[in-house]
Amino acid sequence: MPGPRDPYKTPYMIAPALAAHSRLHRRIVVVVGAQMGKTETMLDIAGTRLATSPVPILWVAPSEGFIRKRLSPRMDDLLENTSLASLMAPSRMQMKTARIVSGVSLRMAHGGSSGELKSDSIGLALTDEADEMMATLKGLGNPVAAVDARGYTYADFVHVITSTPSEGVAEVERDEESGLDFWSCPEDEEELQAQVQSTIWRLWLSGTRYHWAWPCPHCAEYFIPRFECLKWEKPKGKDGKERPSTPVLAGKTAYLQCPQGCADPILESHKEEMNRRGVYVAPGQRVTSDGIVHGLPPESWTISYWASGLCSPFVSFGQRAAEYVEAVRSGNPGDVQTAKNAGFGELYAPGGGDVPEWKEVQNCAIDSYKMGVVPAGSRVLTMTVDVQKDRLVFTVRAWGAFGTSWLVDAAELMGAPEDEDVWAQLADIITDPKAYSGMPLKLVLVDSGFRPGKPYIVPEHRVYAFARRFPNLVRATKGSSRPMRKPISVSKIDIKINGKEIKKGIDLVFLDPDYLKSWVQQKVRWLHNTPGSWYLPKDITEDYCRQIVAEARTVAPNGKVKWARRSRENHFLDCEAMQGAALVMLNLSKLRDGPPLIRRAAADPPPDVPPPSGTPPASPPRQGARRSSSFWGGRKESFW
């Protein structure tokens, strides 16, 4: 608007503007929600530079329509209704997408105009709505890098990039020293590519990762506001259980809950004072109750800032809550994504309301048993193992009549899969007659699909060797990357162990991940005390519950199914999906009540797989006993 503007109305935008003026960083990345004053701040940055230290400026927008309808009118307002009007060149020199001010050009271009992005050197670049731009381009190049290249001739070149984020997984990690909850950063590039699709979030992670923090008006401790802090009332039915809220009720009753344990609600009336005292803090730093940030600033040539949409002075807590509830009630994932991205400045993990929440998983826990106990009614035990680069993750599930099941164990064996020790630990568990109340395992499924990058050894050979050691108990599995006609299929494959090639050495079980992961999440909502119920022990961990809902099933317009990551750890989901395969392979849904089924003694390992040192020799098989690759005593059976 014409005239003086109060920057303290949006105090979270002051630090990015000062960083642009200081020119100490080549990139300034700002991730915020909608209606938070970012475009006004970018106009201030451009206007100040033209008035005080003119350089050619390029403003990059996501599309031509964005420039024409939204950007160009506001640009003209800035140039014609401020002191910059006296610095404008004659109108005959002005162009539709370029203005001449203080003898330099201020150009506007969209991400698809490659010619505009590659011509002329610039001293200041302003990229608006980077994620929207990348979605429009659909993989046709990287305009951010092209803009950066145009600033090489200016030693003090600055590129300001702003956007609301889009899709991806962002987990929260608590810094035990500061007590603040920061957005976590994936450990390696491969994990980053898998978890985060949002361009602006990736750029933000590559920088200093500053978070806008507020002081709680009640306990005075600083916290980082985000969507999970927002609460609202939910109506209760006649049975006393909560029902989904309505947009009107959410809008009227919305408040924030301090994550530091403070019980008093934070209301909209507190926002202005909290913003006034707000500060930016990065991982590794802490804030005292007087608002002083302690700790060295992170070192990076990219300085990056994130502020929650809850901090906007233009949109109330109630309006944010109402918009989100309305989006969820619509059933449209696109509406939910918009509410999460634009409303809160946070990543959206696909899945929406179709995916159970972790507390729903926790509700599967029953008081009648705890971890490590085999419940009464159990007839069969199965184990599944997920192979990771630094550990083996496993679950043990007990099965009873009609496929009812109880989780008996869920744990990790630490050690790289190329090392013998971790496999020796697993061998000890599956052969220990006292491991699970003296009840032997009927089947062990081990995933062989893990593919670590260099310098790791591909561990599938370790899995194959392990399966050869226990031919009547262990099966190697692999998730199919293509649609399958049946959820499970088996093929004999050639393998190489200790340099020796073995033709048709093992049966490799191919699994349909879509079918089996869907089975797990359906079981979470299965009614208790009905045939096929899926139970957890009373001491189940929150980590396990969160992993079960770590992925969401999405369907693209072309009908292709994709399981999208919602959080970093998903290993127990993979294990439980393999438990669904065990159900099918052993036909456990046909079980009836009775005593536990006893698996016959395993034969000695094949001669090409030497047992680990210190392992006592196996008992010789009975005279005339046949060694078979089937679990059913030598009979060749189909799973269907």
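The values are calculated or read from the model by the stated rules, or taken from the named source; none is laboratory data. Every value quoted in this text rests on a predicted model; they were computed, and no experiment measured them. Backbone-built Cβ (ideal geometry, glycine too); neighbour counts: all protein chains shown. Just the protein is used for accessible areas: all its heavy atoms, side chains included, with ligands, DNA and RNA removed. Shrake-Rupley method; radii C 1.70, N 1.55, O 1.52, S 1.80 Å.
Quick check on segment 71-89. Is at least one of its residues under 20 Å from ALA342 (Cα atoms) and touching a residue at least 24 places away in the same chain (Cβ under 8 Å)? Explain how you work it out, then say what you get.
Taking segment 71-89 and keeping what is under 20 Å from ALA342 (Cα atoms), we get 71.
Right, trim to touching a residue at least 24 places away in the same chain (Cβ under 8 Å) and you get 71.
Scanning segment 71-89 turns up at least one residue that is under 20 Å from ALA342 (Cα atoms) and touching a residue at least 24 places away in the same chain (Cβ under 8 Å).
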Across (1) part of a helix (DSSP H, G or I); (2) more than 26 Å from TRP306 (Cβ to Cβ); (3) under 28 Å from the mean Cα position of the chain (by Cα), LEU249 clears everything bar (3)
Checking VAL293, VAL279 in turn, the sole residue that is surrounded by 13 or more Cβ atoms within 10 Å (Cβ to Cβ) and touching a residue at least 60 places away in the same chain (Cβ under 8 Å) turns out to be VAL279
So GLY237, is it under 21 Å from SER178 (Cβ atoms), at pLDDT below 95, of a type outside the set (Ser, Thr, Tyr) and loosely packed, with under 15 Cβ neighbours inside 10 Å: no
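Looking at this structure, is GLY251 under 30 Å from THR127 (Cα atoms) and either surrounded by 17 or more Cβ atoms within 10 Å (Cβ to Cβ) or in contact with a helix residue (DSSP H, G or I) (Cβ under 6 Å, 6 or more places away or on another chain) (or both)?
Values: under 30 Å from THR127 (Cα atoms): no; either surrounded by 17 or more Cβ atoms within 10 Å (Cβ to Cβ) or in contact with a helix residue (DSSP H, G or I) (Cβ under 6 Å, 6 or more places away or on another chain) (or both): yes.
No, not satisfied.
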Requested in this report: Could you check, for segment 137-160, whether at least one of its residues is surrounded by fewer than 23 Cβ atoms within 10 Å (Cβ to Cβ), in a strand (DSSP E or B) and touching an Asp or Glu at 6+ places or on another chain (Cβ under 8 Å)?
Outcome: no
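Would you confirm, using the coordinates I've provided, whether PRO62 is out of contact with any Asp or Glu (no Cβ under 9 Å at 6 or more places or on another chain) and closer than 19 Å to GLU132 by Cβ?
Working: out of contact with any Asp or Glu (no Cβ under 9 Å at 6 or more places or on another chain): no; closer than 19 Å to GLU132 by Cβ: yes.
No; evaluated as a whole, the condition is false for this residue.
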**OP:** Restrict the check to segment 197-207 and report whether at least one residue is without any contact (Cβ under 8 Å) to a residue 12 or more places away in the chain and not polar (S, T, N, Q).
**Re:** yes
If I filter segment 277-300 for residues that are in a helix (DSSP H, G or I) and of a type in the set (Gly, Ala, Ser), do I get at least one hit? no
Condition set modelled with pLDDT under 90 and either in contact with a helix residue (DSSP H, G or I) (Cβ under 6 Å, 6 or more places away or on another chain) or part of a strand (DSSP E or B) (or both), scope segment 186-225, selection surrounded by the fewest Cβ atoms within 10 Å (Cβ to Cβ): answer is PRO186
Of the conditions (1) touching a Lys or Arg at 6+ places or on another chain (Cβ under 8 Å); (2) buried (at least 17 other Cβ atoms within 10 Å of the Cβ), the single one that MET274 does not satisfy is (1)
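So which residues in segment 259-271 are out of contact with any His (no Cβ under 7 Å at 6 or more places or on another chain), open to solvent by less than 60 Å² (accessible area, probe 1.4 Å) and either touching a residue at least 40 places away in the same chain (Cβ under 8 Å) or among the polar types (S, T, N, Q) (or both), if there are any at all?
At the first step, the residues of segment 259-271 found to be out of contact with any His (no Cβ under 7 Å at 6 or more places or on another chain) are 259-261, 263, 265-271.
Cutting the leftovers down to open to solvent by less than 60 Å² (accessible area, probe 1.4 Å) gives us 259, 265-266, 270-271.
PRO259, ILE266, HIS270, LYS271, listed by residue number.
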Exactly one of ARG379, ARG397 is of a type in the set (Lys, Arg) and closer than 23 Å to PHE466 by Cα, and that one is ARG397
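Residues in segment 550-562: is at least one among the polar types (S, T, N, Q), open to solvent by 50 Å² or more (accessible area, probe 1.4 Å) and over 30 Å from MET414 (Cβ atoms)? Can you show your working first?
Within segment 550-562, the subset among the polar types (S, T, N, Q) is 554, 558.
Next cut, open to solvent by 50 Å² or more (accessible area, probe 1.4 Å) only: 558.
From what is left, the residues that are over 30 Å from MET414 (Cβ atoms) are 558.
Yes - at least one qualifying residue is present in segment 550-562.
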Taking first residues from segment 105-130 that are closer than 20 Å to TYR154 by Cα and second residues anywhere that are at pLDDT below 80 and in a strand (DSSP E or B), the pairs with Cβ under 8 Å that are 6 or more apart or on different chains are none
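Identify all residues within segment 165-185 that are more than 21 Å from GLU551 (Cβ to Cβ) and in a loop (DSSP other than H, G, I, E, B); write none if there are none. First the steps, then the outcome.
Step one: filter segment 165-185 for residues more than 21 Å from GLU551 (Cβ to Cβ), giving 174-182.
Residues satisfying the conditions are ASP175, GLU176, GLU177, SER178, GLY179, LEU180.
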Being open to solvent by 30 Å² or more (accessible area, probe 1.4 Å), part of a helix (DSSP H, G or I) and closer than 26 Å to LEU87 by Cα is the requirement here; does ILE14 meet it? yes
Per the list (1) surrounded by fewer than 20 Cβ atoms within 10 Å (Cβ to Cβ); (2) touching a residue at least 12 places away in the same chain (Cβ under 8 Å), residue check on ASN529 breaks on (2)
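For segment 475-507, how many residues meet the condition of being of a type in the set (S, T, N, Q), touching a strand residue (DSSP E or B) at 6+ places or on another chain (Cβ under 8 Å) and under 24 Å from ILE430 (Cα atoms)? Don't jump to the end; show me each part of the working.
Restricting attention to segment 475-507, the residues satisfying the condition of being of a type in the set (S, T, N, Q) are 477, 480-481, 489, 491, 498.
Those still in the list that are touching a strand residue (DSSP E or B) at 6+ places or on another chain (Cβ under 8 Å) too: 477, 480, 489, 491.
Applying the additional criterion that residues be under 24 Å from ILE430 (Cα atoms) yields 477.
Number of matching residues: 1.
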- Message: Could you go through segment 571-578 and let me know if any residue there is open to solvent by 10 Å² or more (accessible area, probe 1.4 Å) and more than 16 Å from ARG397 (Cβ to Cβ).
- Response: no
Residue pairs qualifying under the 8 Å Cβ cut-off, at least six apart or on distinct chains, with the first in segment 168-190 being polar (S, T, N, Q) and the second being open to solvent by less than 60 Å² (accessible area, probe 1.4 Å) and not in a loop (DSSP other than H, G, I, E, B), are SER178/VAL281; SER178/VAL287; SER184/VAL172
**Asked** Does LEU180 satisfy the criteria of being more than 14 Å from VAL287 (Cα to Cα), open to solvent by less than 20 Å² (accessible area, probe 1.4 Å) and among the hydrophobic types (A, V, I, L, M, F, W, C)?
**Response** no
Within segment 21-41, residues of a type in the set (A, V, I, L, M), in contact with a strand residue (DSSP E or B) (Cβ under 7 Å, 6 or more places away or on another chain) and at pLDDT below 95 come out as none
